[in-house]
Amino acid sequence: MSEADFRDSTQRSIPRHAADYVRRGLWAEEGSLEASRREFAELLPQGRETPDRHFANLVDPESGQRVGETWYLVQQRAGKVRFWIDWIWVDPNHRRKGYARAALLLLEEEARRKGADRLGLSVWFDNPGAIALYQKLGYAPASMWMMKPLDRTFEGGTR
């Protein structure tokens, strides 16, 4: 992924990340874009040159057209190679054509080459299409992040 592609990717990703967190009730709309910018700055303090982070375009093999992207982490941790897929995105005009599946299989090969014995990723429960794809490829839950929405009332009235 070129520096220009990386800039395009982050410019697209930051507002999407903010909107996802607002939609899921994790952030308020006001301030969400700045919160997303801060998270990306923490995740990628040196941008595309952040150690252990890798960025790749997804490209149609026949046309050579860029159809998406992936970001992943490869690092040594506690005597093992950790391979974590941070982000996989396919342009909406190119979805449901096998690009994400092909990218995941290529990432699996890369993980093996790097010495990892497993791949990790995170997926929201409200993304059944992604969950179904990951399960078809052999991914299974390893942990679960749980939340309970709270009633916004308290003694004396509503907040």
**Q.** Candidate set from the stretch 115-146 (those that are under 19 Å from R77 (Cβ atoms) and loosely packed, with under 14 Cβ neighbours inside 10 Å); member that is nearest to the chain's Cα centre (by Cα)
**A.** S122
Q: Starting from residues that are of a type in the set (A, V, I, L, M) and farther than 23 Å from P149 by Cα, keep the ones in the stretch 1-57 and report whichever is surrounded by the most Cβ atoms within 10 Å (Cβ to Cβ).
A: I14
Q.
For the stretch 64-82, check the following and say yes or no: at least one residue is among the acidic types (D, E) and more than 17 Å from H17 (Cβ to Cβ).
A. no
Q.
Given the criteria modelled with pLDDT under 95, surrounded by 14 or more Cβ atoms within 10 Å (Cβ to Cβ) and either in the same structural domain as R12 (by TED's automatic domain parsing) or of a type outside the set (K, R) (or both), does W87 qualify?
A. yes
Q.
Taking the condition of being of a type in the set (S, T, N, Q), more than 13 Å from W87 (Cα to Cα) and in contact with a strand residue (DSSP E or B) (Cβ under 9 Å, 6 or more places away or on another chain), how many residues in the stretch 12-49 meet it?
A. 1
Q: State whether the residues of the stretch 64-79 include one that is charged (D, E, K, R) and over 26 Å from R24 (Cα atoms).
A: yes
Q. Limited to the stretch 113-133, what total is found for residues that are of a type in the set (F, W, Y) and either under 20 Å from W71 (Cβ atoms) or assigned to a helix (DSSP H, G or I) (or both)?
A. 1
Q) What are the residue pairs meeting all of these: first residue in the stretch 24-36, first residue at pLDDT below 95, second residue surrounded by 11 or more Cβ atoms within 10 Å (Cβ to Cβ), Cβ atoms under 8 Å, and 6 or more apart or on different chains? A) R24/W124
Q: Select from the stretch 2-40 the residues that are assigned to a loop (DSSP other than H, G, I, E, B) and under 16 Å from the mean Cα position of the chain (by Cα) and list them in ascending order.
A: R24
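The values are calculated or read from the model by the stated rules, or taken from the named source; none is laboratory data. Keep in mind that this is a model prediction, so the values were computed, not measured. Counting neighbours? That spans all protein chains shown, and the Cβs are built from the backbone with ideal geometry, glycine included.
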